[in-house]
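Before I ask anything, here is the structure I am working with.
The values are calculated or read from the model by the stated rules, or taken from the named source; none is laboratory data. Here the structure is a predicted model, which means the values were calculated and not measured. Cβ atoms come from the backbone with ideal geometry, glycine included; neighbour counts cover every protein chain shown. Side chains included, ligands, DNA and RNA excluded: accessible areas come from the protein's heavy atoms. Shrake-Rupley method; radii C 1.70, N 1.55, O 1.52, S 1.80 Å.
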Amino acid sequence: MTAQTKKRGATENGDGVGLGLAAFIANNEDVGPVVRHAFESGKPEALLHSLQNIVKNKEVEIEEICRLHYEEFILAVDELRGVLVDADELKGTLSDENLRLQEVASALLLKLDELFEIYSVNSNVGEALATLKICLQVTNLCKVCNRDITEAKLLSALKTLELIEKDYLQNIPLKLLKKVIHKQVPMVKLYIEKKVCSEFNEWLVYIRRTAKDIGQVAINQTSLTHKKDQGICARQREAEESSLVGFDVNAYTLDVEHMAEEAMLEFDLVPVYRAHHIHIGLGLGEKFREYYYNNRLMQLNLDLQISTSQPFVESYQPFIAQVAGFFIVEDRVFRTADGLLSESQVDTMLETAISKLTLILEEQFSRIHAANHLLLIKGYVSLFGATLKKYGYRSMSLAEILDKTRDKYLELLLSDCRKQLNEAFSRDSYERMVIKKQNEYDANIAAFQLDPIDGVSNLPYVAPFSSSVPNACRIVRSFIEELVSYLSLSGGVNVYDVVKSYLDKFLIETLNDGFLKLIHGGSLEFPQVVQIAGNIAVLEQSCDMFLWHAARLCGVPRCLLEKPHSGLSARAVLKASQNAAYNGSVTLVNSKIDEFMLQLTSINWTPDEAPEHANDYMNEVIIYLHEVVSSGQQAVPRDALFKVVSGALSHISDSMTTVLLSDRVKRFNANAVASIDVDLRALEGFADDTYRTAGFLDLRKGTSFRECLAEVRQLTNLLLSSQPESFANPATREQSYGALDHKKVAIICDKFKDAPDSLFGSLSGRGTVQSARKKSLDVLKRRLKDFS
């Protein structure tokens, strides 16, 4: 009774779950959601009881069914047992058959595995054979390419490379081989290009070495074939017979004795053709055409450089023959090399050669010392032009420059005088001449009307010029005399006008330019430069003497020289060069001062105490300025010397300010400013003494030397001032600091850091002064920033 009560209670407790579960089971539905819900709600026991109740109910139902169908059930069991027996027999039969099947199939499966393996091997071997076939073809082509390269068959090797690239490179199945070939093909092409370029470069050397022989044979052939210009040949022979003693006539004749008629020297162009075709195959045809043109143009420029080891009269034949041979080769290349050269390029090279050859001949004519040499050169140049004309080049008129005999002689004369003048300049020490003997005075002073104005010539006489002045006068007079002597032999020429024109040209282009080269050469010291300025002044005054001398030799009345505009323009040019010398002396002095001022950057900008004496650099500057004034007083006019000294002092002021503005000075204190003040006082003392004692007061320039130091002096005064903020006051700035730029002052004030006070500095009177000045300086800094 108790058990049934418990069972009923449990059933009642799980009745809700049991009914739902029973309904799911009755409908053959999934009981998963019910089970999940029971566990999620924390009541698995109720679910378990419900399942147990359902099982018991089903057992009761089964018992009831079995009881109702007992006989059918017995029959079914018997039938089932019979089926089990049959199933066991069938199972045994199947097991036996399975064993026999496995015995038979095992061997077949082994054979099948072997067959599959054979099929796989066969497939792999087929693919390998196909791969090997392609690779073998490629490697054979590579072998052929290598053999062609070894045998120098570069064009064949290039075609093989093209075949590999076009038909095989993308189809190579072996990645490693494909990668290697893909990498090597450009390298082989580059090698072929370098190889053929090397051969072509060797040909360039060969053809340049052979061009002279080619040109000589061609020119000699022209001489035999055309027999051109017999008059020139006759004049050549006459010139050779009348040449200077020791002149080798055989060195200037055409050697055609052993040359067969119509013979022509052969030369090899195969390397050019091959290089051209190979570069076209490489897709670099345009590059090679440009390379060929540039190299040949470069060789032409080299051919047009004359030898300096022997005179031109001894080397002009091989020089011109080299150029002729060059254009004979280019004519052959132009006609046979399949577009390697264009007509415009040939014309450009020809124009280059003609223009440079003309300049060279004109230049060399000025170096020839015998007129008969000109005839020889003219004849050879004419043969050169005729030879080129035979090869299809346009007619040239190089020989026309030889017809300008007057210009040739004048250039010869100018060249000789120029050399003499340069030698006179190079021998001169640029110190004032001291004449101790009367014959020296007569030869160097009186002969050129260089006597002093007062007529006093007591010996020893110290001239205001150096030795190059009488030497230059001597050279100029010689130039005039030789020019007049030559022009007097020519008819229909206004000798004086030509002499005056070339005298002007000589004085400007030779004498004046020589002085300018000395001035700007950078190898002279200040005393030498000022002496050159004095020399120029003397020679500028001598221009009238030169012109009078020319007029006297030409028979021109002196009264004609007094007409307006009858003087030499060289006088004004020399005057300008004199000013250039003074300007050069200013630059030279400033450069020397810069060497001293370099020491300024290395001084102590934060000293603990203010120095009592000027720094070493300033002492050296003052000593150097004393030397400048001393040497300048002897050779430089006072106004020019004033310009030099004032420029030097202004430069010093600018240099000191620049140093304070530069990054090399990061910080400086009041003691450093006091040091600059000491330096300035020493320099100002020099400026005042020099201005007073050297006679600069008489110039009435309106500006003293001290005023040249205004900027750095006002800057120093401002930094030492107890109230630097007064600089911000426009009236004070205009009155006391007018030379200062507020931007520069702002930069320098930012670097001005006065020395820090001692531990008890604020208790002293000096600390109070420093503090007040510091506050005033801070106010100035702020105002300058606002002003900026």
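Which FRET efficiency, nearest 0.05, do His626 and Arg782 yield, Cβ-Cβ r, R0 45 Å?
0.50
Next question, about the same structure. What net charge do the residues around Thr93 carry, taking every other residue with its C-beta under 12 Å from that of Thr93, with Lys and Arg at +1 and Asp and Glu at -1? Provide the component values of the computation, followed by the final result.
Numbers: positive: Lys91, Arg100; negative: Asp86, Asp88, Glu89, Asp96, Glu97.
Summing Lys/Arg as +1 and Asp/Glu as -1 gives -3.
In the structure shown, do any of Lys91/Lys111; Lys436/Lys500; Lys143/Lys183; Lys143/Lys287; Lys153/Lys389; Lys643/Lys666 have a Cα-Cα gap over 27 Å, and if so which?
Details: Lys91/Lys111 30 Å; Lys436/Lys500 35 Å; Lys143/Lys183 16 Å; Lys143/Lys287 29 Å; Lys153/Lys389 39 Å; Lys643/Lys666 34 Å.
Beyond 27 Å: Lys91/Lys111; Lys436/Lys500; Lys143/Lys287; Lys153/Lys389; Lys643/Lys666.
To continue, here is another question. First measure r as the distance between the Cβ atoms of Ala105 and Glu61, then evaluate 1/(1 + (r/R0)^6) with R0 = 60 Å and state the FRET efficiency to the nearest 0.05.
Values: r = 51 Å, r/R0 = 0.85.
So the FRET efficiency works out to roughly 0.75.
Distance between the C-alpha centers of segment 118-182 and segment 493-551? Whole Å please.
If you average the Cα positions of each part, the centres end up 82 Å apart.
For segment 585-672, what mean projected area does the convex hull of the alpha carbons give, in nm²? Mind showing how you got there, number by number?
On the way: hull surface 24.2 nm².
Computed as one quarter of the Cα hull surface, the answer is 6.1 nm².
I'd like the Karplus ³J(HN,Hα) series for segment 607-621: coefficients 6.51, -1.76, 1.60, θ = phi - 60°, whole numbers in Hz, and an x wherever there's a Gly or Pro.
x, 7, 9, 7, x, 9, 10, 5, 5, 4, 4, 6, 4, 5, 4
Just the number, please: Stokes-Einstein D of segment 34-151 in µm²/s, Kirkwood Rh from C-alpha pairs, 20 °C, 1.002 mPa s.
Numbers: Rh = 23.7 Å.
The calculation lands on 90 µm²/s.
Calculate the all-directions average of the projected area of segment 69-116's alpha-carbon convex hull, and give it in nm². Walk me through the numbers before you get to the answer.
On the way: hull surface 17.9 nm².
Averaging across all directions leaves 4.5 nm² for the Cα convex hull.
Can you compute 3J(HN,Hα) from phi for each residue in segment 74-79, using the Karplus curve 6.51 cos²θ - 1.76 cosθ + 1.60 with θ = phi - 60°, rounded to whole Hz and x for Gly and Pro?
4, 4, 5, 5, 4, 4
Turning to a different aspect of this structure: Probe radius 1.4 Å, ligands and nucleic acids ignored: give me the carbon and sulfur share of the accessible area of segment 34-151 as a rounded percent. All intermediate terms of the calculation are to be shown ahead of the outcome.
Values: 6110 of 9670 Å².
Ligands and nucleic acids excluded, carbon and sulfur reach 63 percent.
Still on this model: In segment 602-651, which GluC sites (Glu not before Pro) are in a loop and have at most 10 other Cβ atoms within 10 Å, using DSSP for the loop call? Intermediate results must be reported in sequence, preceding the final value.
Values: sites: Glu609, Glu612, Glu620, Glu627; in loops: Glu609, Glu612.
Those that pass, being in a loop and sparsely packed, are Glu609, Glu612.
Taking the solvent-accessible surface of protein heavy atoms with a 1.4 Å probe, what is the per residue accessible area of segment 34-151 in Å²?
Values: 9670 Å² over 118 residues.
On a per-residue basis, segment 34-151 sits at 82 Å².
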